[in-house]
Amino acid sequence: MPLARPDFARIGVLGGGQLGQMMILAGIPLGFEFGVLTPNRHDPAVRLATRHEPGALDDEAAIHRIVSWADVTTYEIEHVNTEALRAAESGGGLVLPRSMLLATINDKLEQKHALRDAEIPVPAFAERFPGYPTVQKLRRGGYDGRGVQVLRSDRDTPLDGASYYEELVDFERELAVIVGRSTSGETTTYPVVEMEFDADANICSRVIAPARITPSCEARAREIALAAVEALDGVGVLAVELFLARDGRILANEIAPRPHNSGHLTIEACETSQFEQHLRAITGLPLGATTLRTAAVMVNVLGDPGAHGRPRLPAIGRLLERTGVHLHWYGKTEVRPYRKMGHVTVVADDLESALATAQEILPETRVTGGADGR
Ligand SMILES: Nc1ncnc2c1ncn2[C@@H]1O[C@H](COP(=O)(O)OP(=O)(O)O)[C@@H](O)[C@H]1O
Ligand SMILES: [Mg+2]
């Protein structure tokens with residue numbers, strides 16, 4: 001039975017960043033009301049919420065308050081106190097995806113074991129150093145490449161902290177699939193996208209849809225992603241990052257238990273955005289169609305390497321003169337080098353045109369900083 005009735009309208013969001021902001025923007029037309037837990041009242045999502053619960057993501061009392069207020073609570077960042085979530089669930093609160101899934105995902109080694117146990121293809125991994133070359137990963141706390149280190153020889157300095165090792169995959173492309181799975185068990189997958197990374201910052205720089213892969217690879221990637229989400233009993237929208245290895249293997253890299261950077265282009269390019277899909281899924285509404293309506297390239301708008309202070313997008317005028325170019329500015333009050341300040345989605349009838357425009361706009365997506373006021 002759908003949970004979404006006129007008297008079921010309150011959604012709690014843990015975290016106040018851009019993912020929360022885009023979730024709320026998608027949820028307002030569906031009639032939902034939002035409460036956001038975050039310590040910072042200047043966070044992007046707070047200005048759109050009817051309720052701001054000030055508190056850290058490990059603040060048990062604050063988590064309890066927001067979960068009690070909401071009909072269903074979700075999170076837009078995974079660095080949440082899972083014990084507090086579990087306590088809120090025991091008290092009768094509804095948290096989706098469930099705290100147990102988050103606890104598994106937050107330990108990358110446990111996550112890998114869970115996937116391998118479910119016979120999802122993953123890179124070979126080990127708890128003991130297996131010899132060079134290898135990829136060392138911190139079990140906890142990593143994001144955007146922090147917490148991942150390729151070790152090619154003893155000249156590379158290992159990371160400090162509880163970690164494990166993965167086979168260094170020689171990949172042709174990195175792919176991602178957004179999976180939707182609702183409280184009723186209904187599932188959908190979005191078309192496969194390519195993720196490209198900035199070599200200096202190891203941060204996602206571009207996402208390309210449709211992925212330039214064969215139909216059988218497309219089908220296999222979607223099948224693996226769906227199986228991974230089902231294995232972990234994920235409810236909501238979850239993103240599965242994959243490697244297409246040069247030897248033809250498709251391997252699951254990691255799962256994000258929330259809408260994801262690789263799915264931002266679904267806002268303009270797909271029938272239903274990943275954010276709307278997430279809300280449909282956690283409230284038991286029917287899932288929407290995931291069809292790709294147009295080719296699209298998403299470009300992350302990152303802080304310049306030297307940028308600090310108040311963010312500026314000096315070329316916004318030139319950017320917005322263009323057709324098929326959609327700016328999402330997150331409204332963060334401070335810029336830092338490589339911080340995600342916004343994104344631009346370029347849509348076009350064919351992928352070549354979208355790629356060409358995405359290349360042309362790069363200088364226009366530069367974010368600088370300035371200490372002064374307006
Ligand atoms: N086993 C691997 N082989 C080769 N490259 C990898 C491997 N694992 C991670 N990487 C590279 O490092 C990036 C970040 O790793 P990931 O595990 O996704 O961590 P994060 O949580 O920072 O996204 C990946 O997108 C990929 O480019
Ligand atoms: Mg990743």
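We did not get these values from a lab; they are worked out from the coordinates using the rules stated. Computed from a prediction, not measured in an experiment: that's the story for all the values here. Quick reminder, even Gly has a Cβ in these numbers, built from the backbone with ideal geometry, and neighbours come from all protein chains shown.
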If we count other beta carbons within 10 Å of each Cβ, what is the order of D349, D107, D160, fewest first? D160, D349, D107
Taking θ as phi - 60°, what are the ³J(HN,Hα) couplings along the range 151-166 by the Karplus curve (6.51, -1.76, 1.60), each to the nearest whole Hz, with x for Gly and Pro? 10, 9, 7, 6, 7, 7, 7, x, 6, 9, x, 4, 8, 9, 10, 10
Considering Cα pairs under 8 angstrom that are at least six residues apart, work out the relative contact order of the chain and quote it in whole percent. 14
GluC sites (Glu not before Pro) within the range 227-278: which are DSSP loop residues with at most 15 other Cβ atoms inside 10 Å? E271
Order these peptides, 148-157, 218-227, 111-120, 279-288, by their mean beta-carbon neighbour count within 10 angstrom, highest first. 279-288, 218-227, 111-120, 148-157
Using the Kirkwood radius over Cα pairs of the chain, the Stokes-Einstein translational diffusion coefficient at 10 °C and 1.306 mPa s, in µm²/s and rounded to a whole number, is 75
Rounded to the nearest 5, what is the percent of antiparallel bridges among the DSSP beta bridges in the range 24-168? 75
Quick check: net charge around T357, other residues with Cβ under 14 Å of its Cβ, Lys/Arg +1 and Asp/Glu -1? -4
Hits among aspartates and glutamates - C-alpha to C-alpha of K108 under 16 Å, sequence gap 8 or more where chains match: E78, D117, E127, D144, D160, E166, E167, E241, E254
Can you give me the relative contact order of the range 171-370 as a percent, contacts being Cα pairs under 8 Å and 6 or more apart? 21
Cα-projected label distance for W329 with I316, points at 7 Å along beta-carbon direction, nm: 0.1
The extension gain from H42 to L168, computed as 0.36 nm times the residue separation minus the Cα-Cα distance, is 41.3 nm
How long are the semi-axes of the ellipsoid equivalent to the range 171-370, from square roots of 5 times the Cα gyration tensor eigenvalues, in whole Å, largest first? 29, 19, 17
On the Cα set of the range 181-253, report Rg and Dmax in Å, please. 13.3, 43
